[in-house]
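Peer 1: Have a look at this one.
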Amino acid sequence: MKFNKKGLSGKDLEVIDSMLSQSPHSPPQLEDMWQLMDNVWDETGCNNEDPDWDKVSEFYAHPVWLLNGMFIEQHELSMQHRNAISDWIAERNFSNVLDYGGGFGTLARLIAGKNSKISVDIFEPYPGEYAVLRAIDYSNIHFIKSIDQKYDCLVSTDVLEHVPDPLKLFSEMIGYVRTGGYLIIANNFSPVIKCHLPSTFHLRYTFRIFTHIMGLRRIGPCIGSHATIYQKKKDITVDWQKINRYERISRMIFPILNIPYIIYIRFKNSKI
């Protein structure tokens, strides 16, 4: 595994090289990458139980996310997932696609490269200059600061576990999709890294219920990836009283539903 650092600013390159020197393996393995991200989370003074959002914003603007993007593009399983998602989208000849929280732009570049007729917008709160530079050769990719149109398809991978109110954000995502359009969603409501907020973990078992309440039809898994495909059948007014009631129930039953997961993790760790 060799990272493509061409085009990185001197400051970003210095920080990334410093982080790589901390990795116990060269090149880093997946668990090493997670640890490097946790290190930056701690160094920034972040707390996932009581987040200071100024510090969290500083964390998401850190070059560790550039390193994570470069790592993903060299990681076989991560690229398998993104190739499967981009294949599904490219084959359907959508007019426009929104990559929500597109980060490094890997998925957007795959989609744009496989079907040049699709306009791909990346909505990313923390766009890095290097990510923008990597997309400069794709005339059908645009980084956008606000969303002012409806899309044939919205894709969002590993975003909702990072935000304090994932159901509210997910409802907003649905609103950006035209009736009959699709959402491709991958979540990781698990304590894999510290920036996954524990307040979201109950959705690991109940997220599918909320997608139904919000008016989506579950098509099924995006074969070959960690994502699920949903279709927006109609515009509805979200019943937030019902959502909030179900969310309270979801939080209440989470400790019980989570028992097998805890047992599995303890068993797995005992084998290490």
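No value in this document is a laboratory result; all are computed from the given coordinates. Keep in mind that what you see is a predicted model, and the values were worked out from it rather than measured. Cβ: placed from backbone, ideal geometry, glycine included. Neighbour counts: every protein chain shown.
Peer 1: Are any of the pairs Lys117/Lys150; Lys150/Lys233; Lys114/Lys234; Lys145/Lys242 more than 20 Å apart by Cα-Cα distance, and if so, which?
Peer 2: With Cα atoms farther than 20 Å apart: Lys114/Lys234; Lys145/Lys242.
Peer 1: Using the Cα centre of the chain as origin and beta-carbon charges of +1 (Lys, Arg) and -1 (Asp, Glu), tell me which of Trp65, Asn83, Tyr126 is placed farthest towards the positive end of the dipole.
Peer 2: Asn83
Peer 1: Semi-axes of the equivalent ellipsoid for region 10-72, please: Cα gyration tensor eigenvalues, times 5, square-rooted, ordered largest first, whole Å.
Peer 2: Whole-Å semi-axes of the equivalent ellipsoid: 21, 13, 9.
Peer 1: Additional query: Which value, in debye to the nearest 20, describes the size of the charge dipole of region 176-261 about its Cα centre when Lys and Arg Cβ atoms bear +1, Asp and Glu Cβ atoms bear -1, and nothing else is charged?
Peer 2: 140
Peer 1: Please identify the helices of the chain, taking whole runs of DSSP H, that span at least 18 Å along their own axis as judged from the Cα atoms and have a mean Kyte-Doolittle score of 1.0 or higher.
Peer 2: none
Peer 1: Can you give me the distance in nm between label points at Ile219 and Ser139, each placed 7 Å from the Cα along the Cα-to-Cβ direction?
Peer 2: 2.8
Peer 1: Then there is this: Quick check for me: using +1 on Lys/Arg Cβ and -1 on Asp/Glu Cβ, what's the dipole size of the chain about its Cα centre, in debye to the nearest 20?
Peer 2: Working: 30 positive and 31 negative charges, 267 e Å.
Dipole about the Cα centre, nearest 20: 1280 debye.
Peer 1: Peptides 162-174, 217-229: what's the order by average Cβ count within 10 Å, highest mean first?
Peer 2: 162-174, 217-229
Peer 1: Can you grab the distance from the C-alpha centre of region 242-272 to the C-alpha centre of region 137-174, Å, no decimals?
Peer 2: Comparing the Cα centres of region 242-272 and region 137-174, I get a distance of 27 Å.
Peer 1: For region 63-82 and region 5-24, compute the distance between their C-alpha centroids and round to whole Å.
Peer 2: That distance is 15 Å.
Peer 1: Treating only the Cβ atoms of Lys and Arg (+1) and Asp and Glu (-1) as charged, compute the dipole magnitude of region 1-104 about its Cα centre; round to the nearest 20 debye.
Peer 2: The dipole of region 1-104 has a size of about 600 debye.
Peer 1: Quickly estimate the mean residue ellipticity at 222 nm for the chain, helices only: each DSSP H run with n ≥ 4 gives -39500 (n - 2.57), and the total goes over all residues, rounded to 500.
Peer 2: Only helices count here, giving -14000 deg cm²/dmol.
Peer 1: Rounded to whole Å, give me the distance from the Cα center of region 110-130 to that of region 179-198.
Peer 2: Spelled out, the Cα-based centre of one part sits 19 Å from the other.
Peer 1: Hey, another quick one. Summing Lys, Arg as +1 and Asp, Glu as -1, what charge do residues with Cβ under 14 Å from the Cβ of Phe207 carry, Phe207 excluded?
Peer 2: Result for the neighbourhood of Phe207: +1.
Peer 1: Counting only the backbone N, which residues of region 130-151 are under 17 Å from the spot 7 Å out from the Cα of Lys11 toward its beta-carbon?
Peer 2: Of the residues in region 130-151, 130-133 have backbone N under 17 Å from the label point off Lys11.
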